[in-house]
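To keep things clear, I will list the structure first and then write my remarks on it.
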Amino acid sequence: MIEACDLSRYYGSTLAVDGVSFQVDAGEVVGLLGPNGAGKTTAMKMLTGYLEPSSGHVRLDGQDMATHRRVLQRRIGYLPENCPIYPDMTVVDYLDYQAVLHGVADSERPAAVRSAIRRAALDAHALSPVSQLSRGYRQRTGVAQAILYQPDVVILDEPTNGLDPEQIREMRSLIRSLAEHAAVLVSTHILQEVQAVCDRVLMMRQGRLALDARLDELGGSQRLLLSVDAGLEDLRGIVGDLSAIEDIDELPAEGAARRYALNTHKDASALAPELARRLHEAGLSLYALTPVKRDLETVFAEVNSDN
């Protein structure tokens, strides 16, 4: 659907985005993560055509953004950072104005505005001036303008910013529903939001794409914690021929149990039954055998580690 092809962007002599490539397909919700200054917002602005890349290309269904900018921008819904909207307009007037700007036909505008208000749960505030809205409802209004013309691609920069827990739950449901008909890219600082709504995660670090992986692939364990009454050399003799094991780290003992961390090439959970069988056949007492799960927070810390 939408594709970033070796995107780079300079601000003066500062390289903000450095050779980033990825693709978001229809039906996907992809999370874009990274610390402040990683280049996330700059990358999103280039994807939407609001910012020219210094090099590289953005393509939507094979069409180049630089060549077909106006046509392709009509197919992209975008919620910018900090949700810039006109405070003197009412919600319904602002959305009607945005529909005109995006070329929604006169006969289709009322239905499009009503649908966006309903989907963003703005019914009770449709006639309120934007200046009187809370931060959370302003955010909803920004999301409503991004989806009111049924775009093929939806790009949301911090969509849950300022929302309370119930509003966050509703926004998650809305984002998931968007993927039924669109490719969705969501940037957020909140890791739980990515885990709740995304199929895939992109992590940027210092302007580069450091990780592109499905969330279900990140959940596997590549480390086993083992407590057993065996010395390190004896343990190596029992399991050392298992090719999945990279190395064994000895940990501080607890009573009679010797403790080890086994680092593996693959999902450690799949290795546990064979390991337990070998320890039993060797006549050893097995006190504990626990796969260590890598959650998104752990992966984020690993990607952004200076080590």
- Note on the structure: Flagged in the range 32-47 as buried (at least 16 other Cβ atoms within 10 Å of the Cβ) and either out of contact with any helix residue (DSSP H, G or I) (no Cβ under 8 Å at 6 or more places or on another chain) or more than 30 Å from Glu302 (Cα to Cα) (or both), in numbering order, are Ala38, Gly39, Lys40, Thr41, Thr42, Ala43, Met44, Lys45, Met46, Leu47
- Close pairs (8 angstrom Cβ cut-off, 6 or more residues apart or separate chains): farther than 15 Å from Arg278 by Cα in the range 241-257, of a type in the set (Val, Ile, Thr) and assigned to a strand (DSSP E or B) anywhere: Glu246/Thr264; Ala257/Val228
- Restricting the search to the range 166-195, which residues are of a type in the set (Gly, Ala, Ser) and in contact with a strand residue (DSSP E or B) (Cβ under 6 Å, 6 or more places away or on another chain)? Ala179, Ala182, Ala183, Ser187
- Item | Residue match in the range 128-151 (condition: out of contact with any Pro (no Cβ under 7 Å at 6 or more places or on another chain), among the polar types (S, T, N, Q) and at positive phi) | yes
- Message: Quick check on this structure: which one of Leu262, Leu275, Leu225, Leu202 is under 30 Å from Leu15 (Cβ atoms) and not small (Gly, Ala, Ser)?
- Response: Leu202
- Can you list the strands (runs of 3 or more DSSP E) found entirely within the range 29-140 that contain at least 2 residues being closer than 23 Å to Arg169 by Cβ? 29-33, 76-79
- Query: What tally of residues in the range 1-28 results from selecting those that are in a strand (DSSP E or B), farther than 26 Å from Leu191 by Cβ and free of Cβ contacts under 8 Å to residues at least 40 places away in the same chain?
  - Reply: 2
- Query: Are any residues in the range 249-273 more than 13 Å from Leu226 (Cβ to Cβ) and either outside the structural domain of Val239 (by TED's automatic domain parsing) or modelled with pLDDT of 85 or more (or both), and if so, which ones?
  - Reply: Pro252, Pro273
- Regarding Val100, is this residue at pLDDT 95 or above, out of contact with any Pro (no Cβ under 8 Å at 6 or more places or on another chain) and of a type outside the set (Gly, Ala, Ser)? no
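The values are calculated or read from the model by the stated rules, or taken from the named source; none is laboratory data. The shown structure was predicted, so the numbers you read here are calculated from the model rather than taken from an experiment. Positions of Cβ are backbone-derived with ideal geometry, glycine not excepted, and every protein chain shown enters the neighbour counts.
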